[in-house]
Amino acid sequence: MTDIFATSSGELHRLTEFAEGCWAHLTDPEPDEINSVLDFFAIDTDFIKAALDEEESPHIEHEDCGTLIMVDIPIVQPDEKSFLYTTLPLGIILCGKGIVTICLKETAIINDFMEGRVRSFSVNKKYRFLLQILYRNASKFLQYLKQIDKASSVVESELHKSMKNRELIQMLRLEKSLVYFSTSLTGNELVLEKLLRTSSLTRYPDDEDLLEDVIIENKQAIEMCTIYRDILSGTMDAYASVISNNLNIVMKLLASVTILLSVPQIIYSLFGMNTGVPFEGTSSGFWIVLGISVVVTLAVAFVMWIKKMF
């Protein structure tokens, strides 16, 4: 799908066809859409291929036709009965005729721009537009990191009363999300540092401050991601030990009950042999044997209680 926009009189307008100085956003484009973008903007085909590659890492490419900035953006994917936070490449191409952004899936970051939720936004200021996307991207990482932290707290409260693997698997899924975020944020940091050293792009006076804000926001996301990973990893190890300990307590209790049940069984077996046994000729023999088994069982239970086997 192709969405085309232009800024006039300080407002964003949707266009039906390409125009000089426009912004074109491609979401999982068809071949004919790709060809029309290549024809109008006269950009390198490799730029489009790189942006549509799920495994593409963040980087910057400079060619005569324009500049490609690849960054990773956070997305949420459904995963069985839960969800998984992961990342996806976003390609931003700055060229002579305008701006082209490409992503394999619809993303909230670009939607905020298309729906006018970003202030002081102009397609005509390409470099500032790029920085605004990067700033929005870093903010989205921070937002999802806070959601991961809340989700881990909910799972942690369930782990207090659980001896199953379901909660640990959920924690493992969250830790996996943090690994994706950490890798992507580190790659994005390299892109930002390269932008800071790049002088080939046209900048406005306030752009340097905005770039520094983006770098600070990205570093904050990296620090938060590292802290959450350490906490989550320690929590998983601790609760794995707790679950194992709970299982040991249950097994200990079952073993104690088995020992207690075996005491009367031994006594009944002795008095049930096909030879002469005490009390076999008395009418109260059954009750005497029953009393002996109860007394011995209570004595064994008392000893086990003293030894803290319950």
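The values are calculated or read from the model by the stated rules, or taken from the named source; none is laboratory data. Computed from a predicted structure; not experimentally measured. We place every Cβ from the backbone using ideal geometry, glycine too, and count neighbours over all the protein chains shown.
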Exercise for review: Considering only the range 3-37, state which residues are within 16 Å of K49 (Cα to Cα) and not small (G, A, S).
Suggested key: H25, L26, T27, D28, P29, E30, P31, D32, E33, I34, N35, V37
Review point. What number goes with the only condition from (1) within 24 Å of L192 (Cα to Cα); (2) under 33 Å from the mean Cα position of the chain (by Cα); (3) surrounded by fewer than 17 Cβ atoms within 10 Å (Cβ to Cβ) that G96 does not pass?
Key: (2)
Review point. Among the residues of the range 256-270 satisfying the criterion of being small (G, A, S) and surrounded by 11 or more Cβ atoms within 10 Å (Cβ to Cβ), which is nearest to the chain's Cα centre (by Cα)?
Key: S256
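Residues being among the hydrophobic types (A, V, I, L, M, F, W, C) and farther than 22 Å from G21 by Cα: count how many of those fall in the range 37-89.
Final tally of qualifying residues: 9.
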**Study point:** Qualifying residue in the range 240-253 (condition: at pLDDT 80 or above and either hydroxyl-bearing (S, T, Y) or not in a helix (DSSP H, G or I) (or both))
**Key:** no
Practice item. Determine whether S152 is of a type in the set (S, T, N, Q), within 17 Å of P58 (Cα to Cα) and in the same structural domain as E217 (by TED's automatic domain parsing). Key: no
Check your understanding: Quick check: is even one residue across the range 105-119 surrounded by 18 or more Cβ atoms within 10 Å (Cβ to Cβ), assigned by TED's automatic domain parsing to the domain that holds A42 and on the phi > 0 side of the Ramachandran plot?
Key -> no
Practice item. For the range 271-287, name all the residues that are surrounded by 12 or more Cβ atoms within 10 Å (Cβ to Cβ) and under 30 Å from M309 (Cα atoms). Key: F271
Study note, to complete from the structure: Within the range 23-69, of all residues that are in a loop (DSSP other than H, G, I, E, B) and hydrophobic (A, V, I, L, M, F, W, C), the one surrounded by the fewest Cβ atoms within 10 Å (Cβ to Cβ) is A42
Study note, to complete from the structure: Screening I4, I73 for residues that are free of Cβ contacts under 8 Å to residues at least 24 places away in the same chain and either among the aliphatic types (A, V, I, L, M) or surrounded by 15 or more Cβ atoms within 10 Å (Cβ to Cβ) (or both) leaves only I4
Review point. Do we find that N218 is farther than 30 Å from E56 by Cβ and part of a helix (DSSP H, G or I) in this structure?
Key: no
